[in-house]
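Accompanying notes for the structure given below.
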Amino acid sequence: MRVLLFDSTAYYPSSPLFLEALNRLSQESLGRLQYVFVDEAKFRRGSGALLNRAANRVLRRPSVDLKGLNSELLRQVRSFAPEIVLIAKGAFLTPATLAVVKAESDAVMINYATDDPFNPRVSTQYMRDSIPFYDVYACTKLAIMDDVNRAGCVCVAYVPFAYKPEVHFPERSATEAERRKFESDVAFIGGCDEDRAPFFTRLLAAIPSLNLALYGSNWDRWPSLRRYWRGFAVGRDFRLALGETKVAINLVRRANRDDHVMRTFEIPACGAFMLAERTDTHVAHFGEARAAAYFDSPSEMIARVEYFLNDASARNMIRQHGLRVVAGRDTYYERLRTIMEIAETTGLRQACASRVLESP
């Protein structure tokens, strides 16, 4: 089996999502599974330069070398002759490129849809126009599945996010200085959206003395929240931020039609107590007040925070159960096995006609 993986190291070590899982499968198969990795990040324009990013917006040009990226995918398909092409998002792969891949290759084309392709804030027109060229669309959001099917992909599967055991685990080696640096009552890791900020402005109004830690982009642009912004937390810092907080908040993006997010599995995998926005998927996966706690609104979040800050035993019980729920079950290795099973289905293109699949 030959697999071509298209993803990005832009958010390393949290991405690429399936690279370690592919390596493990290759070792388990004693080399019968081979893979190559195409890194979108290598084609990014000025990823660290504010001036270049501003120029991209002004000139309305893509943030990647579009020609170089698409040419590299075709080059690898032609030289490696993959049987499966697994693309994570693929925001800048053009329909013309995918049409050539389909014409010149018998590979099963799979998109792992980390975002809603119909949400223009997080997607591109290339993504939407490319949907009919995929044999399988593995969706991380239940709400987009019918739309993807109607847009032209006949085989649509629900394959949730997961966590990477190599990155997401309880950090046991924190120094005293690190504990003081990352200590907080409440922590949130993720970008600041207009619909997210009110959760924390109202929380601070209710509990002015709260030790709040906000990690991610744009929190420093919100005047009332700027002082609580602690930069970015990736890799070991991600584990420390979660390990040294009492309550880890998990918000979904409604505009992205999320029913869960990456942190849904990363937070409990790091051994933290998760207070999550209530969704059917969250409750179905973690149970009601067993492996996670939930809220429906900013006011309920405030009440839940106040309660759990004063009940360490309840936090600890839920935290331990959450870690047990995800351990070994919700990894990208297991998600990859699900995707491979779908791809290896006999007569895939015929069998999947007008089907909507759900992962176990």
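Could you give the length gained on full extension between F37 and M317, defined as 0.36 nm per residue of separation minus the Cα-Cα distance, in nm? Spell out each step's value before the answer.
Values: separation 280, 0.36 × 280 = 100.80 nm, distance 4.05 nm.
Length gained, F37 through M317: 96.8 nm.
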**Complete:** Counting only residues 5 or more apart in sequence or on a different chain, those whose built amide H sits under 5 Å from that of A157 are Y137, A138, C139, L357
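Please arrange Y307, Y112 by how many other C-beta atoms lie within 10 Å of their C-beta, fewest to most. Show your work: numbers first, answer last.
Details: Y307 14, Y112 26.
Fewest to most other Cβ atoms nearby, the residues stand as Y307, Y112.
Based only on other Cβ atoms within 10 Å, what is the fewest-to-most ordering of V283, V186?
Ranked by crowding around the Cβ, least crowded first: V283, V186.
Under a Cβ-only charge scheme (Lys and Arg +1, Asp and Glu -1), can you give me the dipole magnitude of segment 176-326 about the Cα centre, in debye to the nearest 20? Kindly include the intermediate steps, with their values, before the conclusion.
Working: 22 positive and 20 negative charges, 67 e Å.
Roughly 320 debye, rounded to the nearest 20.
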**Prompt:** For the chain, modelled as a GNM with alpha-carbon contacts under 10 angstrom, which of A284, A91, A113 fluctuates the most?
**Reply:** A284
**Request:** Name the residue, out of V100, V325, V252, whose mean-square fluctuation peaks in a Gaussian network model built on the chain with Cα pairs under 10 Å.
**Result:** V100
**Message:** Name the residue from G271, L240, A293 whose Cα lies farthest towards the positive end of the charge dipole of segment 176-326, charges +1 on Cβ of Lys and Arg and -1 on Cβ of Asp and Glu.
**Reply:** L240
**Asked** Under a plain spin-label model, where a point goes 7 Å from the Cα along Cα-to-Cβ, how far apart in nm are E300 and A327?
**Response** 3.0 nm
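Multiply the residue gap between V283 and D220 by 0.36 nm, knock off their C-alpha separation, and tell me the result in nm, one decimal place. Let's see the in-between values first.
Numbers: separation 63, 0.36 × 63 = 22.68 nm, distance 3.22 nm.
My answer for the length gained is 19.5 nm.
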**Prompt:** For the pair A99 and E344, how long in nm is the line joining their label points, each one 7 Å along Cα→Cβ?
**Reply:** 3.4 nm
**Item:** Volume per residue that the Cα convex hull of segment 176-326 spans, once the total is divided by residue count, Å³
**Value:** 106 Å³
**Asked** Using alpha-carbon pairs under 8 Å, 6+ residues apart, how would you state the relative contact order of the chain in percent?
**Response** 16 percent
**Request:** Excluding residues fewer than 8 places away in the same chain, name every one of the lysines whose C-alpha is closer than 20 Å to that of K42.
**Result:** K67, K89
**Prompt:** For the chain, what does -39500 (n - 2.57) per DSSP helix run (n ≥ 4), summed and divided by total residues, give at 222 nm, in deg cm²/dmol to the nearest 500?
**Reply:** -11000 deg cm²/dmol
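Ranked by Cβ crowding within 10 angstrom, fewest neighbours first, how are K67, K141, K246 ordered?
Numbers: K67 10, K141 25, K246 19.
Lowest to highest Cβ neighbour count: K67, K246, K141.
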**Message:** Taking 0.36 nm per residue of sequence separation and subtracting the Cα-Cα distance, how much length would be gained by fully extending the chain between D129 and A255, in nm to one decimal?
**Reply:** 43.3 nm
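FYI, it's all coordinate maths here, none of it is from the lab. Just so you know, these numbers come straight off a predicted model, no measurement behind them. Note: ideal-geometry Cβ built from the backbone for every residue, glycine included; neighbour counts use all protein chains shown.
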